[in-house]
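A short reminder: the numbers here are calculations on the coordinates, not readings from a lab. Since this is a predicted model, take the numbers as computed values, not measurements. Ideal geometry is used to build each Cβ from the backbone, glycine not excepted, and the neighbour counts take in all protein chains shown.
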Amino acid sequence: MAQIIDGKKISLEIKDEVKKEVETLAKKSINPCLAVILVGENPASLVYVRNKKKACEYVGIKSLSYELSSGTTEKELLDLIDSLNKNPECNGILVQLPLPKHINEDKVLLSISPEKDVDGFHPFNVGLLSIGNAVLKACTPAGCIELIKRSGIDISGKKCAVLGRSNIVGKPVSMLLTAENATVTLCHSKTKDIINETKNADIIIAAVGKPKFLKGDMISDGAVIIDVGINRMENGKLCGDVNFDECEKKASFITPVPGGVGPMTIAMLMKNCVLACKSQNKI
Ligand code: GUN
């Protein structure tokens, strides 16, 4: 039976570390501040944004909240981001995705000043990630790496299969694993014989957005399984991209859903806010 990786516990450890750092900065009259922008009323986004603001409160980061109506124009959003880019009190800017269809997401992400891009989605920060020099790393991928490391698992030299090639998880987590000296195979919907790749992997990161995609017979004994998926089933319950019951029997370590990767994203966001603040204050 696999050891369950407790993302709630590890994320709390990280938030407590961030809290201490915020207290230290406060002694120098430096107070990190995050602007959270939500456009429209996507129910999942409302929950995420509420949790992000709650985490700010917990660690002592000031949060500025902008809840804009779904009719907000692209120009209005870009103007708000421009004013936050210029505001020295604001260290981080987060625009919750997805945005309404009439707003160009790429244009919005590009408009955020890279040093305030606490989501790590700006192409400049993605570029730094690809050359192994990123300060602000995408939160969910960075959270996956922390879960592995803080569980005492050595990544160096391991064979990793990443399932899914999205810009917000699959691609960046592949780069982070590569920076940790893993040998990475990035699998996607056109990959031939995906079972061959997953069976051959020491570590599997599942981020395909398909409920229970990774089955027990697709993994080898002792594999480490990190489940990034959050899917809502017909009965209202959440499930991941991994068939937990099957994989738990063969894996050495596995993350649950909920309570695995999910809480790590916000913890890493808090960490990024402090990193951004320190870098802007030349600390
Ligand atoms: N929507 C889903 N995940 C994320 C995330 O990590 N950041 C933002 N800004 N929006 C999201």
Percent antiparallel among DSSP beta bridges with both residues in the stretch 108-265, to the nearest 5?
-> 10 percent
Which order do Lys116, Lys52, Lys282, Lys86 fall in if you start with the one that has the fewest other Cβ atoms within 10 Å?
-> Lys282, Lys86, Lys52, Lys116
Could you point to the residue in Val118, Val108, Asn167 farthest towards the positive end of the stretch 103-171's charge dipole, with +1 and -1 charges on the Cβ of Lys/Arg and Asp/Glu respectively?
-> Asn167
Would you list Arg232, Arg150 from fewest to most Cβ contacts within 10 Å?
-> Arg232, Arg150
For every helix of n ≥ 4 consecutive DSSP H residues, a contribution of -39,500 (n - 2.57) applies; sum these over the chain, divide by its total residues, and give [θ] at 222 nm rounded to the nearest 500 deg cm²/dmol.
-> -13000 deg cm²/dmol
For Lys212, list the lysines whose Cα falls under 17 Å from its own Cα; do not include residues on the same chain fewer than 8 positions away.
-> Lys199, Lys237, Lys249, Lys250
Among the aspartates and glutamates, select those whose C-alpha is under 13 Å from the C-alpha of Lys8, and discard any that sit fewer than 8 residues away in the same chain.
-> Asp16, Glu146
Within the stretch 76-190, how many Lys pairs sit with Cα atoms under 28 Å apart, leaving out pairs fewer than 8 places apart on the same chain?
-> 27
DSSP beta bridge pairing in the stretch 179-283, given as percent antiparallel to the nearest 5 | 20 percent
So what's the net charge close to Val184: Lys and Arg +1, Asp and Glu -1, counting the other residues with Cβ under 14 Å from its Cβ?
-> +1
Mind running the shape call on the stretch 1-44? Use the C-alpha gyration tensor, a ≥ b ≥ c as the square roots of the eigenvalues: rounded below 1.5 for a/c, prolate if a/b tops b/c, oblate otherwise.
-> oblate
Sort His122, His102, His188 so that the residue with the fewest other Cβ atoms within 10 Å of its own Cβ comes first and the one with the most comes last.
-> His102, His188, His122
